[in-house]
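Have a look at the structure below before the remarks.
The values are calculated or read from the model by the stated rules, or taken from the named source; none is laboratory data. Values in this document were obtained by computation on a predicted structure and should not be read as measured data. All Cβ positions, glycine included, derive from the backbone under ideal geometry; neighbour counts span all protein chains shown. The protein model used for the area step is the full one, side chains on, heavy atoms only, and it has no ligands, DNA or RNA in it. Shrake-Rupley method; radii C 1.70, N 1.55, O 1.52, S 1.80 Å.
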Amino acid sequence: MQTFGTLTLQPALDHPDLLAPPVRETLAAWKHAAEVLVAAIDPDFADTEAMSQTYEVPLSSGANCVVVMGRRDGEERTAACVVRADTRADVNNVVKRTLDVRKASFLDRGRAVTETGMEYGGITPVGLPAGWRLLVDQAATGIETAIIGSGIRGSKLVIPGRLLGLLPGAEVVPGLARPAPA
C-alpha cells in the first residue's frame, strides 16, 4: 500500500466504488489505467486547499479541472481545462482564443454536473462527455504526482502528471494558466 501525505493510495480500478461511473468506464478502457491510484477522503474536504491541508499534501501537487463554454456562430463550444492548483485557467485570453469564441465563461454548475455525470467539486478530466475538448496546461503535465478529482467528492485520483497530457482527447496548451492571485 502506498501513501502520499496522509492519503492511502490504492489502484483505482480495484475500487470502482470510489469512482463516478464515467470515470470507471474511461479508466477501464485506458492503457495507462494501471498507473492511476485512488484515495478515499472526507467529502467535506474535497476542495483543493482543504484537501491539501487536511491530508498533508502540497498544494503544488493538485490539478484542478474547470469547465468552460463559449459560442461562435451559434455553436456552443465546451471544454474542460486542467491547470495546476496553484494557478488559474486564463479563461479570458488563452482559453477564449483556443476555443475560438468571442467570450468564454464557466459552465453553469447544474449543467456541468448533469452533463458530466460527476459531482460538483469532483469533476475530473477522466471520463468527460463526447464532444467536449480537454485542454491541459503544459505546466500541469510537469507535476510529479498529481491529485485530481475522481468524479465524486469522497475520493481523489492520484496520477503521474505526464499522463494528464495523454488522457483521451487531451490537448496540451502552453500558458493555459496564469498565476493565482495572492
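A few comments on the model shown:
- In the range 107-182, GluC sites (Glu not before Pro) in a DSSP loop with at most 13 other beta-carbon atoms within 10 Å: Glu144
- Share antiparallel - DSSP beta bridges, the chain, percent rounded to 5: 75 percent
- Qualifying trypsin sites (Lys or Arg not before Pro) in the range 1-79, where qualification requires a DSSP coil assignment and no more than 15 other C-beta atoms within 10 Å, comprise Lys31.
- Helix-only mean residue ellipticity at 222 nm for the chain, each DSSP H run of n ≥ 4 adding -39500 (n - 2.57), per residue, nearest 500: -4000 deg cm²/dmol
- Charge dipole of the range 1-84 about the Cα centre (unit charges at C-beta), most positive-ward option of Gln53, Val68, Leu9: Val68
- Comparing Cα centroids, the range 1-42 and the range 69-128 end up 24 angstrom apart.
- Computed over the Cα atoms of the range 1-116, the ratio of the radius of gyration to the Kirkwood radius (Rg/Rh) comes to 1.02.
- Heavy-atom accessible surface of the chain: percent carbon and sulfur, 1.4 Å: 49 percent
- Applying both filters, DSSP loop and at most 12 other Cβ atoms within 10 Å, to the trypsin sites (Lys or Arg not before Pro) of the range 88-180 gives Arg102, Lys103.
- Translational diffusion coefficient of the range 57-182 (Stokes-Einstein, Kirkwood radius from Cα pairs, 25 °C, 0.890 mPa s): 171 µm²/s.
- Each residue of the range 121-135 was assigned a 3J(HN,Hα) from its phi angle through the Karplus curve 6.51 cos²θ - 1.76 cosθ + 1.60 (θ = phi - 60°); the sequence is x, x, 4, 10, x, 8, x, 6, x, 4, x, 7, 7, 10, 9 Hz, with glycine and proline shown as x.
- Among Gly175, Ile148, Thr26 - extreme Cα towards positive end, dipole of the chain, charges at beta-carbon: Gly175
- Added length on full extension, which subtracts the Cα-Cα distance from 0.36 nm per residue, Glu25 to Arg111: 28.9 nm
- Around the Cα centre of the chain, unit charges on the Cβ atoms of Lys, Arg, Asp and Glu (plus for the first two, minus for the last two) sum to a dipole of about 680 debye.
- Cβ-Cβ FRET estimate between His15 and Arg178, R0 fixed at 30 Å, reported to 0.05: 0.30
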